[in-house]
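Asker: I am attaching a structure below and will ask some questions about it afterwards.
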Amino acid sequence: MAQKAGLDEVKGIPASATGRPGPAGPNGLLRQSPEELLEGLAQDQQAARLWESLLAITPSRRRERVRDLGERRDPRARKLLAAALWDEETAVALAAVEGLRGLGDSHSAESLAWLAEISRVERAAAAARAAIEEIHARSGAGDGERPELADGREYWASFIDGAGSQLLMAVRPAGEGADSERMRFASVAVSDQRGIMDAAGIDSAARAEVESLRTGGSRRAGERGWRRGGRASSAAREEELPEIGWVRVDAEYCAAALEAARRIHCRDHRRLPGVWEFWRADFAGPAGPGAPALEDRALPDGQLRRRLSQTTTLIHFEGFRSWLILGEDLAPFLPAALQAWARRGRAREDGLAQVISACLESGVKGRQRRLWRSRLLRQAALWERRGDWIVRELCLAAAWGLDDRNGVPSEQHPLLRAMARASLELAIGA
């Protein structure tokens with residue numbers, strides 16, 4: 001997954017690269033006093049790594065560490081306690097709820113509210129609701145963390161990849177009155193199937209370093225093994241093609257995308273990755289009118305129908321190069337695809353066309369069609385923000401073709417056929 005690889009690149013930067021020592025490993029954590037642990041929580045990048053180290057020790061010892069930190073009533077522990085809300089061990093999560101309740105910080109209310117909605121364990125959900133009530137009663141505030149938007153704040157979103165994943169990125173000046181060349185960077189990976197998957201960030205980095213991270217997810221087309229129509233053009237082999245692709249968005253876009261992810265967690269009662277809590281505030285804000293998806297009804301049906309035949313070209317654009325048919329849907333058709341490829345000329349093309357039709361008719365139905373349609377409408381919104389109205393219109397036309405009411409069968413959909421062919425050729429090494 002290109003988006004997840006981009007986030008892993010951020011997580012791979014050691015804390016020492018920013019001039020601070022890295023956190024202790026699991027064995028070192030067991031020897032550190034609560035005060036020593038608190039000192040390691042002063043910066044979010046290091047605190048996130050410390051939390052990941054805590055996950056490597058036994059649940060009982062992790063509960064003890066979380067409880068000790070909570071009893072200190074130190075604001076520096078708030079984000080780590082919030083991360084511990086999502087521990088797979090209920091005892092650790094309850095210790096974290098108690099620590100946040102005792103801390104009484106209104107910034108904790110949103111994390112607790114998410115736990116109350118998402119948790120499968122009623123004890124944890126009930127404890128979170130009780131903690132929220134007490135925090136609100138003591139502080140008289142319940143809006144959570146809503147930092148003022150500073151000058152120079154930027155938000156970026158990647159295109160949606162073939163697994164339905166997307167990266168959101170927030171960049172702002174590092175600290176109050178900080179040199180504009182030093183920036184704080186936060187990124188979160190979201191999925192239309194799993195919600196929030198991971199998060200990472202850097203407390204302070206040179207602007208050039210942040211830009212390098214944002215544009216670092218690229219490889220040469222030839223190295224990625226793509227073949228179009230049985231061959232790769234020399235231009236494609238030489239051109240540097242971004243795997244991810246970024247679009248400038250706003251805080252409202254990110255908030256809407258994260259709200260959609262939250263609903264997935266609520267629906268599936270899926271725990272969040274604890275590391276998200278260290279970077280949550282960078283994306284804080286209400287979802288606004290900048291919806292992360294468009295509606296294909298914005299264009300006349302006749303115009304969309306005319307454009308539909310051209311949507312096969314989408315697989316060459318940013319955001320679509322990883323759009324492939326799932327291997328489990330391809331597997332039954334690989335022997336026939338190999339047989340077709342062994343032929344020549346028209347016989348090869350006719351054979352592949354038959355395999356593609358059978359694959360799409362069998363594997364891309366109801367729910368899968370609606371999923372691709374949803375992703376196309378989200379891609380259309382991103383291309384609109386890019387200012388490219390042609391690709392936007394192609395996305396809308398492809399989405400219209402997947403409408404259950406007036407679309408076309410999967411085996412007749414040009415984009416799906418192009419995706420299936422690319423997937424089959426990749427699978428058989430054509």
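Asker: Filter segment 244-279 for residues that are β-branched (Val, Ile, Thr) and farther than 19 Å from Val97 by Cβ and give the result. Spell out how you get there, then give the answer.
Answerer: Within segment 244-279, the first condition is being β-branched (Val, Ile, Thr), and the residues that meet it are 244, 247, 249, 264, 275.
Result: Ile244, Val247, Val249, Ile264.
Asker: With aliphatic (A, V, I, L, M), farther than 30 Å from Val210 by Cα and either assigned by TED's automatic domain parsing to the domain that holds Gly245 or modelled with pLDDT of 65 or more (or both) as the only criterion, which of Ala77, Ala42, Ala91 stands out?
Answerer: Ala91
Asker: All but one of (1) at pLDDT 95 or above; (2) crowded, with 24+ Cβ neighbours inside 10 Å hold for Ser108; which doesn't?
Answerer: Among (1) at pLDDT 95 or above; (2) crowded, with 24+ Cβ neighbours inside 10 Å, Ser108 violates only (1).
Asker: Quick check: anything in segment 62-71 touching a His at 6+ places or on another chain (Cβ under 6 Å), modelled with pLDDT of 95 or more and surrounded by 14 or more Cβ atoms within 10 Å (Cβ to Cβ)?
Answerer: no
Asker: Looking at Ala137, Ala163, Ala131, Ala150, which is the one that is at pLDDT 95 or above and among the small types (Gly, Ala, Ser)?
Answerer: Ala131
Asker: Turning to a different aspect of this structure: What pairs come out if I take residues in segment 186-205 that are outside the structural domain of Ser374 (by TED's automatic domain parsing) and pair them with residues that are of a type in the set (Asp, Glu) whose C-beta lies under 6 Å away, six or more apart or interchain?
Answerer: Once the first residue is outside the structural domain of Ser374 (by TED's automatic domain parsing) and sits in segment 186-205, its partners that are of a type in the set (Asp, Glu) give Ala186/Asp282; Ala189/Asp198; Asp203/Asp44.
Asker: Can we say Phe333 is under 18 Å from Gln166 (Cβ atoms), buried (at least 23 other Cβ atoms within 10 Å of the Cβ), not assigned by TED's automatic domain parsing to the domain that holds Val249 and not aliphatic (A, V, I, L, M)? Let's see the steps before the verdict.
Answerer: Details: under 18 Å from Gln166 (Cβ atoms): no; buried (at least 23 other Cβ atoms within 10 Å of the Cβ): yes; not assigned by TED's automatic domain parsing to the domain that holds Val249: yes; not aliphatic (A, V, I, L, M): yes.
Answer is no for this residue.
This table checks each residue for (1) surrounded by fewer than 18 Cβ atoms within 10 Å (Cβ to Cβ); (2) at pLDDT 95 or above; (3) in a helix (DSSP H, G or I); (4) in the same structural domain as Gln166 (by TED's automatic domain parsing).
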{"position": "Asp350", "(1), (2), (3), (4)": "yes, yes, yes, no"}
{"position": "Ala353", "(1), (2), (3), (4)": "yes, yes, yes, no"}
{"position": "Ala358", "(1), (2), (3), (4)": "yes, yes, yes, no"}
{"position": "Ser362", "(1), (2), (3), (4)": "yes, no, yes, no"}
{"position": "Arg373", "(1), (2), (3), (4)": "no, yes, yes, no"}
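Asker: Within segment 228-271, count every residue that is at pLDDT below 90, assigned to a helix (DSSP H, G or I) and of a type in the set (A, V, I, L, M).
Answerer: 2
Asker: Is it true that Arg306 is over 29 Å from Ala157 (Cβ atoms) and part of a helix (DSSP H, G or I)? Give the steps one after another, and end with the answer.
Answerer: Working: over 29 Å from Ala157 (Cβ atoms): yes; part of a helix (DSSP H, G or I): yes.
When the stated conditions are applied, Arg306 passes them.
Asker: So which of Arg348, Arg306, Arg344 ends up being among the basic types (Lys, Arg) and in contact with a helix residue (DSSP H, G or I) (Cβ under 7 Å, 6 or more places away or on another chain)? Explain how you work it out, then say what you get.
Answerer: Working: Arg306 fails: in contact with a helix residue (DSSP H, G or I) (Cβ under 7 Å, 6 or more places away or on another chain); Arg344 fails: in contact with a helix residue (DSSP H, G or I) (Cβ under 7 Å, 6 or more places away or on another chain).
Testing whether each residue is among the basic types (Lys, Arg) and in contact with a helix residue (DSSP H, G or I) (Cβ under 7 Å, 6 or more places away or on another chain) leaves just Arg348.
Asker: Assigned by TED's automatic domain parsing to the domain that holds Arg392 and surrounded by 15 or more Cβ atoms within 10 Å (Cβ to Cβ), is that true of Gly345? I'd like the intermediate steps shown before the answer.
Answerer: On the way: assigned by TED's automatic domain parsing to the domain that holds Arg392: yes; surrounded by 15 or more Cβ atoms within 10 Å (Cβ to Cβ): no.
Against the criterion (assigned by TED's automatic domain parsing to the domain that holds Arg392 and surrounded by 15 or more Cβ atoms within 10 Å (Cβ to Cβ)), Gly345 does not qualify.
Asker: Evaluate the following for Gln368: is it without any contact (Cβ under 8 Å) to a residue 12 or more places away in the chain, among the polar types (S, T, N, Q) and surrounded by fewer than 19 Cβ atoms within 10 Å (Cβ to Cβ)?
Answerer: So Gln368 fits the description; yes.
Asker: To continue, here is another question. Can you pull out every residue in segment 249-286 that is free of Cβ contacts under 8 Å to residues at least 40 places away in the same chain and crowded, with 17+ Cβ neighbours inside 10 Å?
Answerer: Selection gives Glu252, Ala255, Ala256.
Asker: Could you list, in sequence order, the residues of segment 91-144 that are among the small types (Gly, Ala, Ser) and without any contact (Cβ under 8 Å) to a residue 12 or more places away in the chain?
Answerer: Ala125, Ala126, Ala137, Gly140
The values are calculated or read from the model by the stated rules, or taken from the named source; none is laboratory data. What you are looking at is a predicted structure, and each value in this text was computed from that prediction instead of being measured. Please note: Cβ atoms are built from the backbone with ideal geometry, for glycine as well, and neighbour counts cover all protein chains shown.
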